[in-house]
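For reference, the structure is listed below as structure tokens.
Taken together, the values in this text are just the output of simple stated rules run on the coordinates, not laboratory data. A quick note: this is a predicted structure, and the numbers were derived from the prediction, not measured. Please note: Cβ atoms are built from the backbone with ideal geometry, for glycine as well, and neighbour counts cover all protein chains shown.
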């Protein structure tokens, strides 16, 4: 009986599947992706952002009925001049009379088959301008956030790694930039650009460069704080013992460990930057007519109360696009923050 039991035990051991075939280890990247897509809000945010990108960049290639700065000429006014000659006391008098004839009125036209969302007070197609305005808002926001992150990583990495006098100089520079009044300086820069011959389409890019210059201190402080806590870790002591150079230790060993926090901050900053760009355009500091931006399309209600009350199709769609963009990026940021949290349940 005992021999039979031993034989069964041996057979069981021999038939066991090797450990590497039963246990499938999941990579950190796969775990992050899995946690991200487990959140319904993350998926909603991703769908919202992808939809806006398709609408802004693919839409103009599909819908080619009207251009961004193409006016509906059927809404123009036609003038005709008639001439009559009178003779009084042997002298001739010529009387010219100008008659104003309004053609088909397509200013502030309601939504129709010809204009999906109608036209604005200048005769531009609102639907087309929404697509081109999305291009400006998304491109400017991504460029600004990318430059802010790059500058913040470089300056914060240097300050956190070297410390001492270098850290003090960079942090005091951050304090000075944070204290600069943003809107008044933007007003001055906008006035200077008005007096120059710079194309109205590129003004917003110059303003966003200034915003990048004054916005990187927040990212630099985040990176500095993380590096101050990471540079005393064992792997940094090993890198020091192996004689690695300072740039290699900063950008190969320290910065990658800060990337999860940076990715979350970048996704959340995109929504804030879109709001900032819309605010600048609304204040007439950004993209100038005839070019379109979401903020510029809303700016029309500041000078025309009739459009605000009676023509919702002119400005409400741009406001909805801004809300969708900001909510989408915030949902993605929240999802990334939860997915990258090492304490999250697997």
Treat the count of other C-beta atoms within 10 Å as a stand-in for reagent exposure and order 149, 303, 296, 279 from fewest to most.
303, 279, 149, 296
Inter-part gap, Cα centre of the stretch 182-215 to Cα centre of the stretch 268-298, in whole angstrom, is 12
Max mean-square fluctuation residue, GNM over the chain, Cα-Cα springs under 10 Å, options 302, 272, 215:
302
Identified option (computed Rg/Rh (Cα atoms, Kirkwood Rh); candidates (i) 0.98; (ii) 1.23; (iii) 1.01):
(ii)
For residue 37 and residue 284, calculate 0.36 nm times their separation in residues minus their Cα-Cα distance, and state this gained length in nm to one decimal.
85.0 nm
Taking Cα atoms, how many degrees apart are the long axis of helix 203-230 and the longest axis of the chain, rounded to 10 and kept between 0 and 90?
10
Would the stretch 128-284 count as rounded, prolate or oblate if I go by the C-alpha gyration tensor, calling it rounded below 1.5 in a/c and otherwise prolate when a/b exceeds b/c, oblate otherwise?
prolate
What does the C-alpha gyration tensor say about the overall shape of the stretch 134-183? Classify as rounded when a/c is under 1.5, otherwise prolate if a/b is larger than b/c, or oblate.
oblate
Candidates 292, 325, 159: whichever shows maximal mean-square fluctuation once the chain is modelled as a Gaussian network with Cα springs under 10 Å:
159
GNM result for the chain, Cα springs below 10 Å: residue of 121, 89, 284 fluctuating most strongly:
89
Between the Cα axis of helix 182-195 and the main Cα principal axis of the chain, the angle (0 to 90°, nearest 10) is 50
Quickly estimate the mean residue ellipticity at 222 nm for the chain, helices only: each DSSP H run with n ≥ 4 gives -39500 (n - 2.57), and the total goes over all residues, rounded to 500.
-20500 deg cm²/dmol
Compute the acute angle (0 to 90°) between the alpha-carbon long axis of helix 164-179 and the principal axis of greatest extent of the alpha-carbon atoms of the chain; round to the nearest 10°.
30
